[in-house]
1. Return the percentage of antiparallel bridges among DSSP beta bridges fully within the protein assembly as shown, rounded to the nearest 5 %.
2. Relative to the other copies, what are the label-point distances for A:Ala283, with labels 7 Å from Cα along the C-beta vector, expressed in nm at one decimal and sorted shortest first?
3. Quickly estimate the mean residue ellipticity at 222 nm for chain B, helices only: each DSSP H run with n ≥ 4 gives -39500 (n - 2.57), and the total goes over all residues, rounded to 500.
4. At most 16 other Cβ atoms within 10 Å and a DSSP loop assignment: could you name the chymotrypsin sites (Phe, Trp or Tyr not before Pro) in the stretch A:213-307 that fit?
5. Counting other C-beta atoms within 10 Å, and keeping those with at most 11, which DSSP coil trypsin sites (Lys or Arg not before Pro) do you find in the stretch A:1-68?
6. Ranked by Cβ crowding within 10 angstrom, fewest neighbours first, how are A:Arg179, B:Arg316 ordered?
7. In sequence order, what are the phi-derived ³J(HN,Hα) couplings for the stretch B:64-80 according to the Karplus relation 6.51 cos²θ - 1.76 cosθ + 1.60 with θ = phi - 60°, rounded to whole Hz, with x for glycine and proline?
8. Antiparallel DSSP bridges in the stretch B:96-250: what percent, to the nearest 5?
Number of protein chains: 2
Amino acid sequence: MRAFVTGGAGFIGSTLADRLLAGGHRVTAFDNFSSGQRDFVAQSLAHPDYQLIEGDLLDKDRLREAVRGHDVVFHLAANADVRHGLEHPRRDLDQNTIATFNVLESMREGSVRRIVFSSTGSIYGEPDVFPTPEDCPFPVQTSLYGASKLACEGLISAYCTGYGFSGWVFRFVSILGERYTHGHVFDFVKQLRADPANLKILGDGKQRKSYLYVQDCVEAMLLALEKQPQGYYVFNLGTDEYVSVNESVSVITKVMGVRPDLAYTGGERGWIGDSPFIFLDCAKMRSLGWAPRLRIAAAIERTTRYLLLNPWLLDRRS
Amino acid sequence: MRAFVTGGAGFIGSTLADRLLAGGHRVTAFDNFSSGQRDFVAQSLAHPDYQLIEGDLLDKDRLREAVRGHDVVFHLAANADVRHGLEHPRRDLDQNTIATFNVLESMREGSVRRIVFSSTGSIYGEPDVFPTPEDCPFPVQTSLYGASKLACEGLISAYCTGYGFSGWVFRFVSILGERYTHGHVFDFVKQLRADPANLKILGDGKQRKSYLYVQDCVEAMLLALEKQPQGYYVFNLGTDEYVSVNESVSVITKVMGVRPDLAYTGGERGWIGDSPFIFLDCAKMRSLGWAPRLRIAAAIERTTRYLLLNPWLLDRRS
């Protein structure tokens with residue numbers, strides 16, 4: 001297939017692009033390099049079936065021209081900064097909601113009608129049901145990030161009903177692995193590299209979170225697309241386990257061989273809108289024959305080693 | 001209180017403004033007159049506690065200046081055209097999602113932190129549970145209108161969590177009554193006035209819909225605000241009954257004294273994204289002591305009589 005990957009130079013997008021190329025598909029990566037990295041696409045650029053377009057999803061003309069002629073759009077570009085959303089409330093609206101609308105309109109104009117979308121477990125807000133299934137009680141949004149991803153899901157399903165699109169929406173837990181560029185393992189490794197004796201932890205360290213290894217994530221998306229080639233689907237994507245922030249710190253410090261003093265900012269949440277417990281029910285995705293290969297601890301370990309081998313990622317200005 | 005009413009010259013907004021003035025409150029109505037009517041505000045303009053500002057919610061500067069100094073915003077302005085959403089997909093994004101973001105940002109900048117919002121039962125898509133409660137299983141959006149209202153709800157709740165706002169979200173069924181300007185009773189009366197012998201009905205006429213009388217709607221909003229003065233709340237607003245489109249036609253034709261031939265376009269739905277059955281569980285709102293005074297048939301009857309007495313509304317270019 002001819003795949004169009006937004007955020008194609010980012011962590012998950014570039015990993016997906018590599019997998020698609022390896023599977024014999026043609027790939028167009030579209031990225032504005034706001035968080036994407038040239039290093040992540042360097043190898044692909046040599047591949048005859050790969051094309052990179054530098055562009056922004058808010059540039060409708062450029063996007064429209066670029067999308068035309070593809071079979072499926074993997075829409076992974078997003079502002080993924082949940083934590084600082086309140087400091088710049090317009091960002092989630094622009095980069096998630098409006099950007100997704102632009103992607104959908106470009107697809108409609110170019111008669112491209114299949115979209116795979118990276119949503120988030122954050123749209124469950126602070127759920128009452130654990131593990132949280134896709135059809136849990138109608139949630140209340142607690143972050144601008146979650147609210148914007150929910151808005152995107154709504155647009156995608158309305159396009160499926162109204163214009164005959166097919167959509168695959170994946171509600172991710174935090175994704176880990178090679179090319180990981182932001183989030184909580186990143187912050188800890190960065191802190192400990194600068195000062196191995198001290199680690200500041202947001203909240204009380206007891207927040208329970210789920211993670212998934214990026215290759216497992218990419219495999220799930222491709223499998224769902226293959227097994228259910230038409231319609232509208234929503235899948236949770238995570239592992240059948242969770243770890244506390246403190247447990248995650250233990251894995252990281254062990255890999256790094258450091259024993260820092262831990263300082264907690266306190267409180268049940270790391271920041272306003274942080275969900276103290278994320279644990280998704282992934283039975284629906286598993287019923288298609290998928291199972292993650294890496295457990296959470298192994299994914300954290302691998303991610304830590306990757307970051308230590310690629311300190312330029314930690315040092316870059318974000 | 002000093003109330004700011006967006007869509008203040010519209011059907012529900014102007015009715016609410018009248019009630020607020022009658023209750024001794026000060027009212028600023030903000031309207032771009034895209035569907036609002038000068039006739040609806042003519043009387044209020046003479047009231048010393050009433051101010052009308054002609055402006056558009058996409059004009060951020062004007063809005064920011066206007067919102068400042070109020071205690072509560074009743075955000076009722078919206079593109080409410082569910083049926084033709086697919087013909088102009090940008091409209092719901094602009095007039096609902098982005099307009100609501102602008103309202104919230106203006107409030108934040110002006111330190112106004114209470115918002116009452118008119119959402120819709122359409123955000124339940126095609127639910128499996130009837131009557132549908134507020135916490136029904138996480139729905140799939142089937143219309144751009146529903147998707148945009150869901151996006152607004154998400155923004156409002158995120159502002160409540162993140163910036164200490166309070167929010168009252170009301171998921172309306174179709175509202176009927178004096179000043180009613182669009183929707184299915186409007187279409188039928190308009191058709192029958194032009195040709196009493198023929199009526200075209202979208203779908204098979206068996207769609208089951210709920211309606212609520214506008215004064216009952218306004219009363220519910222004011223009561224909820226009074227009883228639960230802080231926090232984030234979601235309430236369904238409707239009656240404990242529904243009628244089929246055919247039953248609604250019977251009431252209208254009886255009031256008008258006509259016996260038209262009925263022609264059906266066929267199919268379970270009136271248009272793509274039309275929900276064949278809308279019936280909301282309003283126990284939560286009723287638990288605050290509210291109950292609608294008019295039953296659906298009486299509301300349809302009253303609306304029909306109102307339209308017949310105000311043919312200029314039927315004749316206006318929309």
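Each reported figure results from applying straightforward, stated rules to the coordinates on display, with no laboratory input. Predicted model, so just to flag it, every value in this text is computed and none were measured. All Cβ positions, even for glycine, are placed from backbone atoms using ideal geometry, and neighbour counts span all protein chains on display.
1. Details: 5 of 83 bridges.
Counting only bridges with both partners in the protein assembly as shown, antiparallel ones make up about 5 percent.
2. Listed shortest first, these distances are 2.5 nm.
3. Rounded to the nearest 500, the figure is -11000 deg cm²/dmol.
4. On the way: sites: A:Tyr213, A:Tyr232, A:Tyr233, A:Phe235, A:Tyr242, A:Tyr264, A:Trp271, A:Phe277, A:Phe279, A:Trp290, A:Tyr306; in loops: A:Tyr242, A:Trp271, A:Phe279, A:Trp290.
Taking the stretch A:213-307 and a limit of 16 other Cβ atoms within 10 Å, the loop chymotrypsin sites (Phe, Trp or Tyr not before Pro) found are A:Trp271.
5. Details: sites: A:Arg2, A:Arg19, A:Arg26, A:Arg38, A:Lys60, A:Arg62, A:Arg64, A:Arg68; in loops: A:Arg68.
Answer in residue order: no site qualifies.
6. Values: A:Arg179 22, B:Arg316 10.
In order of increasing Cβ crowding within 10 Å: B:Arg316, A:Arg179.
7. Using θ = phi - 60°, the values come out as 4, 5, 6, 6, 3, x, 9, 9, 8, 10, 9, 9, 10, 5, 5, 7, 9 Hz.
8. Numbers: 2 of 18 bridges.
Roughly 10 percent of the beta bridges in the stretch B:96-250 run antiparallel, per DSSP.
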